[in-house]
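Scroll down for the structure; my scribbles are underneath it.
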Amino acid sequence: MDSFELNKIIAAILMVAILVIGLDKIADGVFQVNKPENPGYKVEVVEKLTTDSTEGVEKIDIATLMATGDLANGKKIFKRCAACHSIAKDGGNKIGPALYNVVGNDVGSIFDYKYSKALASYGKKWTFVELNGFLTKPAAYIKGTKMTYAGLKKEEDRASVIMYLNQNNDNPKPLP
């Protein structure tokens, strides 16, 4: 290859580079782009009704909710919980605390389980309303809990699990 061929190749590369840069400058002159004063979008937040004690949880009629529950379905759904919790009378703790006798007892009251600070200092009892709120989305209901479970979205499923937990108790509480 002689020097004339090399000059043609270099000239072609330079012409392409000049053309690309030139077209960019021409496009900037032709098309005017105005940047917004405030980048982003404004999102409207709708306030939800809350219970007396916890933010972000809608008020519910617990009697109506519990009427939708089914004990057999609760036992079936609890199998998901059994990976971390025991329900047997002398079952002991697993990754999570044992849940026998949980309904009606204080939150964070099992003596041989190390609760998160949020649960240990919560200071309430596991009532039907508290369990419903917690089972909806545990991390949102009691901020700082170690429980990473996403929650039960369906009301019937929560009612069924609460009925099953209540049944696995020395003194089951009357349903509302």
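Any read-out appearing in this document is the output of simple, stated calculations on the displayed coordinates, not a laboratory observation. All values reported here derive from a predicted model rather than from experimental measurement. Please note: Cβ atoms are built from the backbone with ideal geometry, for glycine as well, and neighbour counts cover all protein chains shown.
Return the Rg/Rh ratio of segment 103-176 with Cα-based radii and a Kirkwood Rh.
That ratio equals 0.95.
Ignoring solvent entirely, what values of log10 I(q)/I(0) come out of the Debye formula for the chain at 0.11 Å⁻¹ when each Cα is a single scatterer?
Cα-only, vacuum Debye calculation for the chain: -0.56.
Grab the alpha carbons of segment 71-114, take their convex hull, and tell me the volume per residue in Å³.
Expressed per residue, the convex hull around the Cα atoms of segment 71-114 is 77 Å³.
Relative contact order, percent, of the chain when contacts are C-alpha pairs under 8 Å separated by at least 6 residues?
25 percent
Less than 14 Å from a label point 7 Å out along the Cα-to-Cβ axis of PHE31: which backbone N atoms in segment 7-24 qualify, by residue?
23-24
So, with +1 on the Cβ of K and R and -1 on the Cβ of D and E, and no other charges, what is the size of the charge dipole of the chain about its Cα centre, to the nearest 20 debye?
680 debye
Among TYR122, ILE62, ALA72, flag the residue with its Cα farthest along the positive direction of the charge dipole of segment 62-167, charges on Cβ as +1 for Lys/Arg and -1 for Asp/Glu.
TYR122
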